[in-house]
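Where a number appears in this text, it was derived from the coordinates with a stated rule and is not lab data. No experiment lies behind these values; they were computed from the predicted model shown. Positions of Cβ are generated from backbone atoms using ideal geometry, with glycine treated the same way; all protein chains shown enter the neighbour counts.
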Amino acid sequence: MLTCSRILNRACIVNTVFEKNVLRVKVREAMQDYRRRTGERMTYDLLAKLTGLARPTIESLASRDNYNTRLSTIEKICRVLGCQPGDLLELTPPESTRSEN
């Protein structure tokens, strides 16, 4: 979306408004898929122990859509759960786009 913020010497200064996509880490879904494939229940505590990550980190990944994480964290989770990064990540459209559809 482009907006004209003010007129300066007969020229319009144009501001570009960027709407952010949200990259969501689907930890819960990946844990459920792991259970379906292996028959073994994966808990946050067990995932933390097997990955070497802190449990609060895993909880934040699972519950916060805008949680900023490292690729090494994604890699550790994928290795333990036997999945690919594409199975774990989901790009969602900006809020205004979601509400229009």
#### Entry: Residues with amide H under 5 Å from that of Val22, placed H, sequence gap 5 or more
Thr92
### Message
I want the local charge near Ala48. Using Cβ-Cβ distances under 12 Å, sum +1 for each Lys or Arg and -1 for each Asp or Glu among the other residues.
### Response
+1
### Task
Positive end of the charge dipole of the range 20-96 (Lys, Arg +1 and Asp, Glu -1 on Cβ, about the Cα centre): tell me which of Pro94, Leu47, Leu71 has its Cα farthest that way.
Leu47
## Note on the structure
Between the modelled labels at Gln32 and Leu91 (7 Å from Cα along Cα→Cβ) the distance in nm is 2.4 nm
### Task
Could you work out the local net charge near Glu29, counting Lys and Arg as +1, Asp and Glu as -1, over the other residues with Cβ closer than 12 Å to its Cβ?
+2
